[in-house]
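Note sheet for the following structure.
The values are calculated or read from the model by the stated rules, or taken from the named source; none is laboratory data. Note that this is a predicted model, so its numbers are computed, not measured. Cβ placement follows ideal geometry from the backbone for every residue including glycine, while neighbour counts extend to all protein chains displayed. The protein model used for the area step is the full one, side chains on, heavy atoms only, and it has no ligands, DNA or RNA in it. Shrake-Rupley method; radii C 1.70, N 1.55, O 1.52, S 1.80 Å.
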Amino acid sequence: MEVRVRYAPSPTGLQHIGGVRTALYNYFFAKANGGKFILRVEDTDRERYSDESLQDLYDTLDWLGIEWDEGPVVGGPFGPYIQSERFELYRKYAEQLVKDGKAYYCYCSPERLEKVRQEQIASKSEYQGYDRHCANLTDEERAEYERQGIKPVIRLRVPTEGSTTFHDVLMGDITRRNRDVSPDPILLKSDGFPTYHLANVIDDHLMGVTHIMRAQEWIPSGPLHILLYKAFGWEPPVYCHLPMVMGKDGQKLSKRHGSTSVRDFRTKGYLPEAIINYVTLVGWSLDGSTEIFSKQELEKCFRMENIHKKPGIFDYKKLDWFNGYYIRACEDERLASLMTPYLQEAGFISKEPSEDEKALVMKLVGPCKERMKVVSDVVELSRFLFEDKPVEDVGVYVAKGSDEESTFKALERGSKILISGLEAGKEEQEIEEELVALSKELGIKVNGVFQPIRVGLTNSTVSLPLFDSIRLLGMDETKRRLGRAIGILEAIHG
């Protein structure tokens, strides 16, 4: 049997981490088993649908390098793959259920349904939901509703006795009493739009989906879907409900934890390799210890049985670690091309960079590689090259454990050691050792010497490595800035 899986998002918002993880798991499972990965767009929620969301879906998968074997754009033997283009198909199958006695037409008005709901609430009835008023209408009663021009919905006949069980790869058998399943849910609305449950089951069957991997929040829908499969006389697929993606506080990941849309992560400068690697590990592991996986490796080693039962914890700091790893592994030319848009947006280089600007970006690559967590960090790390706003707040020069007087001495004497050493052609390590010796002589920590020099050169306490900064600035500019910084502190201490 060929493995066939699908990712079936609703284009009602931007692609988020949880959804992308579902896509990755389905994609890797298909690839690891020589199967097919299907993309299906479930766009029946027209009130919330947006073209922007649909484009974001395509852009996200393209950025991640996730290619679908069948779906919109590429086509396939079971199309169309956009639900709004399959309405006649849904009506045909819904009406077949009515003909078979497995479903029925319902003419109840919204007002009547609301009245029933309120009565059930007031009476504290154990039974909540549709009261099956139209379940056994006579032909005459139906004809009267039709004569009044009332367009019916189609409801599924849910058994009132017994229970329904479905098997989940991770959770085992899940059983629910039929009386607890949503009573006679609507399958086809009066405007011809299918509900999620009808369209989902029909499409999965007709598209030959063999395995369904979706979030655990869909577990309550499992029994209803099984009842639909039974009503149609179809064999249900294998189910695997994926663990939730949680924040470190144990709550479902949401905007309150930080960015959740892939677009946000992409904008900040996360690499697709980092997103793929880390997000796959939020709820899955190969052996409990291996962390670094390329996309190609995951396409070979992914196994459904290695998915965890417990919720996965999304740790933003851990993602930063992965992103830093992949930034350092990035080829210089590619990293330069990734850094360029951020430098352009900051106004540091032209929209059409000159050859000199391109060369400068390449010079930035090496020093920035070791300092960036995300590519957008290049802006603050390199700001000192393009904007020269001297720090006049003496407190910024003073490192923890030092004081203003010691800081002035450290800057004045440290600058002489630095400049004279460079002009004499000394090794950087030797100069660093002399600066460390100075800190001991002054009775302060090492950073008490390096911080005022760093602030004097880069106008910031966070910067590129000292000697890289000097190379980028040039010797003349280095002397000028350090002299200016000395002057700022001297004005206070004389």
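List of remarks:
- Ignoring aspartates and glutamates fewer than eight residues from K124 along the same chain, the ones with Cα atoms less than 18 angstrom from its Cα are E114, D180.
- Hull volume per residue, based on the alpha-carbon atoms of region 394-493 and their convex hull, is 82 Å³.
- Computed over protein heavy atoms with a 1.4 angstrom probe, the accessible surface ordering of W68, W218, largest first, is W218, W68.
- Accessible area (Å², 1.4 Å probe, nearest 10) - T290: 50 Å²
- Crossing angle, helix 272-281 versus the chain [Cα axis fit, 0-90 degrees, rounded to tens]: 60 degrees
- Measuring nothing but how far apart in sequence close Cα pairs (under 8 Å, 6+ apart) lie, relative to its length, region 84-242 scores a relative contact order of 25 percent.
- By the Cβ-Cβ criterion of under 4.7 Å, the unpaired cysteines of the chain are C108, C240, C301, C330, C368.
- Volume in Å³ per residue [convex hull over Cα atoms, computed for region 341-401]: 106 Å³
- Cα gyration tensor shape for region 84-242, rounded if a/c is under 1.5, else prolate or oblate: oblate
- For the chain, with +1 on Lys and Arg beta carbons and -1 on Asp and Glu, the positive-most of V455, V41, F265 along the dipole: V41
- Lysines whose Cα lies under 22 Å from that of K248, excluding same-chain neighbours fewer than 8 positions away: K268, K309, K310, K317, K318, K373
- Dipole of the chain, positive direction: furthest Cα of I121, Y93, P223, with charges on the beta-carbon: I121
- Taking a straight Cα-Cα cut-off under 15 Å and skipping sequence neighbours fewer than 8 places away in the same chain, the aspartates and glutamates within cross-link reach of K426 are E434.
- Think of each Lys and Arg Cβ as +1 and each Asp and Glu Cβ as -1; about the Cα centre, that makes the dipole of the chain roughly 1280 debye.
- On a per residue basis, region 394-493 carries 48 Å² of accessible surface, using protein heavy atoms and a 1.4 Å probe.
- Shape of region 427-471, Cα gyration tensor, a/c cut at 1.5: oblate
- Beyond 36 Å, the tail of the calculated P(r) for the chain holds 50 percent of the Cα pairs.
- Dipole magnitude of region 394-493 about its Cα centre (Cβ charges: Lys, Arg +1; Asp, Glu -1), debye to nearest 20: 260 debye
- Acute angle (nearest 10 degrees) that the helix 87-99 long axis makes with the longest principal axis of the chain, alpha-carbon atoms: 40 degrees
- The chain: angle of helix 17-32 to the longest principal axis, Cα-based, in degrees nearest 10: 80 degrees
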